[in-house]
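Presented below is the structure to which this report refers.
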């Protein structure tokens, strides 16, 4: 899925690494299947770095700094900044 998102966005692994804060080496291993994305913090980093809309992730996968916002509209506003 990571590879498909990256390719559809026209990004290089290094671009995606810069956006997400994950290393290019980690993304390479993720795309090749050598690593799995099982750490929830890394999943949140990836989704936040790609500005994934809350409509696709649900509020449970929002970065901790956004948790506690008064409502989902506030979460959505943060995601589209």
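Numbers at a glance
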read-out	value
Residue list for the stretch 8-36, restricted to those being surrounded by 14 or more Cβ atoms within 10 Å (Cβ to Cβ), assigned to a loop (DSSP other than H, G, I, E, B) and under 11 Å from the mean Cα position of the chain (by Cα)	22
Residue check, residue 5 part of a helix (DSSP H, G or I) and out of contact with any helix residue (DSSP H, G or I) (no Cβ under 7 Å at 6 or more places or on another chain)	yes
Matching residues, the stretch 37-49, being modelled with pLDDT under 85 and surrounded by fewer than 13 Cβ atoms within 10 Å (Cβ to Cβ)	39, 40, 41
Count - residues of the stretch 4-19 that are closer than 19 Å to residue 56 by Cβ and modelled with pLDDT of 85 or more	4
Filtered residues of the stretch 50-71 (kept if in a helix (DSSP H, G or I), at pLDDT below 60 and exposed (fewer than 14 other Cβ atoms within 10 Å of the Cβ))	64, 65
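The values are calculated or read from the model by the stated rules, or taken from the named source; none is laboratory data. All figures in this text were calculated on a predicted structure; none of them were measured in a lab. For neighbour counting, all protein chains shown are included, and Cβ atoms are generated from backbone atoms with ideal geometry for every residue, glycine included.
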